[in-house]
Amino acid sequence: MNINPDTTAHPGRHIALVVLLAAAVMNLIDGTILNVALPVIQRDLSASPTELKWVSVSYLLAFATSLLPFGRFGDVFGRRRVFILGVAGFTLTSTACGLAVNIETLIAARIAQGISGAAMMPQILALIRVVFPPEEQGAAFAKFTLASTLSAVSGPLIGGLLIQADLLGLGWRSIFLVNLPLGVAIIASLRLIPDMRRDKGLKVDRLGTIVFGAGIALLVLPLIEGRSLGWPWWIFLLMLAGFVSLVAFVMLQLARERAGAPQLLPAQLIRNREFMRGLLEVICLFFVPNGLMLVLGIYLQSGLALSALQAGLIISPFPAGVMIASIMTRKAQPKSQRTRINSGVAILLAALISLRIVVGIVHEPADAWYIGLPVLAAGLGMGFAVVALYPKVLATVSRNDAGAGSGAVQAAQHVGAVLGIAGIEEVFFATLAHGPAATGGQWSIAIANAATAGAVILGALLVLLLWNARRRRREARSAPDAA
C-alpha cells in the first residue's frame, strides 16, 4: 500500500502506531532488562568486570553511532523497508545474544543488536511524522513517550521475573530469547505499516556516514570509559578528535551540497536554526535524567542502606511522572508546544533544587520516602517537555528528510544521556573521593552536588528557551511594521 507523502492523514495510522510502538517497546525494554542480569552473566560466562561493562557499552556505542545513518537510509531506501530490516535484525541478534557461548560472542552480538535497534528507532519517529496530520502528532508522540516510560519501568521487573522463573533452565538467556516471539509477531504485522512513497533522487552519503560514525564514537567512547580509567590525558585528546570530526562532518555536508552530492544530514537542516537549536535543547534536556537516576540509586542503597527494591520504589515516581504528563498532554494543540517545553524545564529545574534541599535533611532510611516527591516532580517536568519537544523539532523537517531528522534527534538524545551519565557521575564520585564516604553526610553532599550539576545545565537551557521566546515575540512585533 503506497501512501502519498503529501496526504494529511493515513486511514490505518492508529493500527500502524500499535505495531510501531510494539517494536519500540521491544528495543527499549532491552536497554533496561539487562541491568538485573549482569551479575548472573558474569558468573555464568566467567566475565571480568571490564568485559561485563562492555556487554552494556557495546550496545550503546553501536546504537548511538548508527542512528543518523539509518535514519537517512530510511529516506533513501524506504522507511518501511529499513524498519522491517531493523525488526528482523533485532530479532535475530537477540537470539544470538541468548545463545552466546562466551562473553566475546555476547559482546559481538550486542554490537549487532545495537545496529539493528538503530535501524528501527528513527523509522518509528519518521513514520509518525509523515503518517499523522500535525494536529494528531502531539497525541502520537505522547503515546510513544508513554510506551518508552513503561518500557523503562517494566524492563528490570520483567528481567528479574524471567531470571527467577528460570524458564526451561535458560536463566539469563531468557531476557534475550523473549524477543524472538515478540519479533516474529511484529514481523507478521508489518503489512499494517504504510509503504510511504520516497524520493528516488536521494542517494547514500558514504563518506559522511564514516566521518559521522567516527566523530560520535570518538566522543562517546571516552565519556563511557573515562572515569574507570582515571581520565588520562589521551581520553581528552580522543574527545577533542571527536569534536573536530563532527565539525568536519558539518563542513563536509555543506560542501557536498554545493557540489550537488548526497548528504547524510541534509545541509538545509544544518542551516535550519530552529532544527539545530532543537537538537541542542534535546541534548541539554536528556543530560539530566539518566545520570541523576543512576547516582540516586547508588545513594539510596549505599548512603542510606536501603534495599534495591526500596530504592526502586523511591525512584519509580520519575517514570510515573513522565507517564502522567504524557497522558495529560496527549491531546494538547501544537501551538502550546513552546509553553509546555518551557514549563516542563522550569518544573524539572525546581525539582532538582528541591531534591538538593531534601537530601540535606534526610539522614535516616525511614525518611527516604521524602525524596520521592521531588523525583515525581522531575518526572512530570520531563514528561511535559519531551512530549512537546519531539514534534516541535521534527515539525521543522520536510517529509522527505524525516528519517534523517529523526535519526539526528535520537542521536542527540543519546549523546545528551551519555554526557549526563559521565558528567553527573563524575561530580558524584569526585565528591565522595574528597571525604569520608561511609558517613551519611558525605553521601548527601555528593547527591546534592550531582543535583546542582544537573540544575546548572537545565538553568542554561531555560535561559536559552526564554531568550528564543523573547526573540520570536520581538520579530513578531516588528513584522507588521516592516509590512
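Every read-out reported here was derived from the displayed coordinates using simple, explicitly stated rules and does not represent laboratory data. Computed from a prediction, not measured in an experiment: that's the story for all the values here. Cβ placement follows ideal geometry from the backbone for every residue including glycine, while neighbour counts extend to all protein chains displayed.
Tabulated data for the structure shown
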| item | result |
| --- | --- |
| Peptides 54-62, 98-106 ordered by average Cβ neighbours within 10 Å, highest first | 54-62, 98-106 |
| Karplus (6.51, -1.76, 1.60) ³J(HN,Hα), θ = phi - 60°, over the range 358-369, in Hz, Gly and Pro reported as x | 5, 5, x, 10, 9, 10, 10, x, 5, 8, 5, 5 |
| Label corresponding to volume of the Cα convex hull per residue in Å³ when calculated from the structure given, among (1) 152; (2) 129; (3) 142 | (1) |
| Size of electric dipole in the chain: Cβ of Lys, Arg +1 and of Asp, Glu -1, about Cα centre, debye, nearest 20 | 1700 |
| Debye, to nearest 20: dipole size of the range 321-416, +1 on Lys, Arg Cβ, -1 on Asp, Glu Cβ | 560 |
| Calculated FRET efficiency for the pair Ser478/Leu373, C-beta based, R₀ 35 Å, to 0.05 | 0.20 |
| Selection from Leu219, Ala267, Trp233 lying farthest towards where the dipole of the range 213-275 points positive, charges on Cβ | Ala267 |
| Extended-chain gain in nm, criterion 0.36 nm per residue less alpha-carbon gap, Val456 and Phe236 | 77.0 nm |
| FRET efficiency, 1/(1 + (r/R0)^6) with R0 60 Å, evaluated for His14 and Asp44 via beta carbons | 0.90 |
| Calculated FRET efficiency for the pair Arg206/Val184, C-beta based, R₀ 30 Å, to 0.05 | 0.35 |
| Percent RCO, i.e. relative contact order, over the chain, from Cα pairs under 8 Å lying at least 6 residues apart | 22 |
| Relative packing of peptides 382-393, 221-232 - highest average C-beta neighbours within 10 Å first | 382-393, 221-232 |
| Unit charges on C-beta of K, R, D, E only; dipole of the range 214-296, Debye | 200 |
| Cα gyration tensor shape for the range 79-146, rounded if a/c is under 1.5, else prolate or oblate | prolate |
